[in-house]
Every structure is written in C-alpha cells, then in structure tokens.
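**Q** My structure is below; once you've seen it, I'll send some questions.
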Amino acid sequence: MWCSLPLAEPGKQLCDYCQAALPRLPYALCHNNLLLLPAVARGLKGAKFDRLLCLAHYQQPYQHWIPRWKYYTDLAAGQLLQQQMCLLLLGCKSNSMPMPQALTFVPLHWRKQRQRGFNQAKVLAEALGQQLQIPVLALFSKSASHSQRGLNRRQRLRNLRRSFSLKPQTAALPTHIALVDDVITTGATANALTRLLRRAGVSTVSVWTLAVTPPPGYSL
C-alpha cells in the first residue's frame, strides 16, 4: 500500500520497512493523551473531552489513505487504517492506559451515508471494538447540515448548532466512553457530542481518530 513491493504477510498491508517509516506522535511524552502536547492542544482550544488518541498529524501517507477510504471506498486503505489504529490502541492498553467501557462514533446524516455507502467512523469503531472486546453503541443521530470540510472554527460551530441529538436510552450510559471518528480538525464536532454525553451522565470522554489536523502555522 505504500512502497508497492510484495509482502510476506499480505494481510498486513505494509512491509516492515514502511511500518517503521510511518509518522508517529510522541505518546511517551504525553502519557497517552495528545491534549497534553502543545503542538496538538493549540489547534483544539477549549476541548470538552478528556483524552485524545490519533495515529499522526494529518499528513502523508495518511493524507492519501484516509480520503481514498472515505470518498472512493478503497477497502484496502480502510483495512490498513483499521489495522494501524488497532496496533496503536493495543500498545496503549499494554501501557496501562484506561480503556473505556463502550465505544461510539460520529454519525452521518442518512442521505450522506446512503450516497457514500457506509460511515467510516462506524466501521472503524466496530473494528476497534472487536479487537479490544469493547461494545459499540450507536448513540447519536444527525440532522441535515452542510459539510464541515474546509470550514474554519467559527463556521464549524455555527454549522453544528442542533445538528446532533442523543438517541433515547433505555439504560444508563457507561461512565467512560470513547468517541471514534476519522479526522479531528478544530474539535467542534467532538465537543458537540461530548456535551450530549455529559448531559447523559458520562463522566469521561475519550476521542479516538485516525489523524489530527496540525494547528495553523505548525510545520510538519
């Protein structure tokens, strides 16, 4: 998927050399919470959630693979990204990072999901839930709104007003839930969903995404 050379283990999608060359974030410096890294936190001012985990900044090769999966239904790219996220979380779990009691995901409006054919956040959450043996809950619904792509923070906040709602629950929610998405940019979507979870009694909200957009002026 990167160097285009044959693999001894095709299911992995990357050879050992490409795996070692992937960009990474310094988790050892932030206790498995990227909100403690100034280079990340500066772009997510006012974060309402408690913890953030991502594979890397939104840069190559993730900048190629994520749109390939999301917009062009490249299932090999999707499998690769799911594998990488599972590896990251298994490593964090082995380092005693607290695991949530349930996962949930950022919803798509039904028209957009029908047009795209799938919700990449839901697929990712289900893959992580299966690997980590954590239940996945479909907690949110989304009304129609314009795409968040290309909008600045103020525009995203205006666009998100009343876009999301929490589905009626028959039982109390777990105290720690991880919210899964593909990319976090300003944190506006994650903050909106975190507020809904807090109102429903969730005390700890983690956000797990494939990538985080670098803050303005940050050079990779």
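**Q** Against the longest principal axis of the chain, how steep is helix 75-94, in degrees 0 to 90 to the nearest 10, with axes from Cα atoms?
**A** 80
**Q** Here's a follow-up. Within the accessible area of the chain, what % is carbon and sulfur when the probe is 1.4 Å and the other protein chains stay in place?
**A** 52
**Q** As an exercise, use a Förster radius of 45 Å and the Cβ-Cβ distance of L166 and A28 to find the FRET efficiency, rounded to the nearest 0.05.
**A** FRET efficiency, L166 to A28: 0.80.
**Q** Oh, and also: Determine the shape class of region 30-99: with a ≥ b ≥ c the square roots of the Cα gyration tensor eigenvalues, call it rounded for a/c under 1.5, and otherwise prolate if a/b is greater than b/c, oblate otherwise. Please list the in-between numbers first.
**A** Details: a/c = 2.55, a/b = 1.42, b/c = 1.79.
Oblate, since a/c reaches 1.5 and b/c is not below a/b.
**Q** What is the gain in length, in nm to one decimal, between Q60 and Y17 on full extension, counting 0.36 nm per residue of separation less the C-alpha to C-alpha distance?
**A** Extending this stretch completely gives an extra 13.9 nm.
**Q** Follow-up. Which entry is the computed log10 I(q)/I(0) by the Debye sum over Cα atoms at q = 0.09, 0.10, 0.19 Å⁻¹ for this structure: (1) -0.45, -0.54, -1.35; (2) -0.35, -0.43, -1.71; (3) -0.41, -0.50, -1.63?
**A** Only one option fits the structure, namely (2).
**Q** Can I ask one more? With axes computed from alpha carbons, what is the tilt in degrees of helix 62-72 against the longest principal axis of the chain, rounded to the nearest 10 within 0 to 90?
**A** The helix 62-72 is inclined about 60 degrees to the chain.
**Q** Rounded to the nearest 5, what % of DSSP beta bridges with both residues in the chain are antiparallel?
**A** 15
**Q** Which of the aspartates and glutamates could be linked to K12 by a straight reach, that is with a Cα gap under 18 Å, when you skip same-chain ones fewer than 8 residues away?
**A** Reachable aspartates and glutamates: D74.
**Q** At 1.4 Å probe size, with every protein chain present, just tell me what the per residue accessible area of region 18-123 comes to in Å². Show your work: numbers first, answer last.
**A** Numbers: 5110 Å² over 106 residues.
Per residue, region 18-123 has an accessible area of 48 Å².
**Q** Rounded, prolate or oblate: pick one for region 51-148, where a ≥ b ≥ c are the square roots of the eigenvalues of its C-alpha gyration tensor, a/c under 1.5 means rounded, and failing that, prolate if a/b is larger than b/c, else oblate.
**A** oblate
**Q** Can you give the relative contact order of the chain as a percent, counting alpha carbon pairs under 8 Å and 6+ residues apart? Please list the in-between numbers first.
**A** Details: 323 pairs, mean separation 59.2, N = 220.
Computed value for the chain: 27 percent relative contact order.
**Q** Let me know the shape class of region 1-71, please: from the alpha-carbon gyration tensor, a ≥ b ≥ c as square roots of the eigenvalues, rounded when a/c is under 1.5, otherwise prolate if a/b is greater than b/c, or oblate.
**A** Taking the square roots of the gyration eigenvalues as a ≥ b ≥ c, region 1-71 is prolate.
**Q** Under a straight-distance cross-link criterion of Cα-Cα below 28 Å, which lysines are reachable from K112, leaving out those fewer than 8 residues away in the same chain?
**A** Correct list for K112: K48, K70, K122, K142, K167.
The values are calculated or read from the model by the stated rules, or taken from the named source; none is laboratory data. Note that the coordinates shown come from a computational prediction; the quantities given were computed from them, not determined experimentally. Here Cβ is always computed from backbone atoms with ideal geometry, including for glycine, and neighbour counts include all displayed protein chains. Side chains are part of the model used for accessible areas, which takes the heavy atoms of the whole protein and leaves out ligands, DNA and RNA. Shrake-Rupley method; radii C 1.70, N 1.55, O 1.52, S 1.80 Å.
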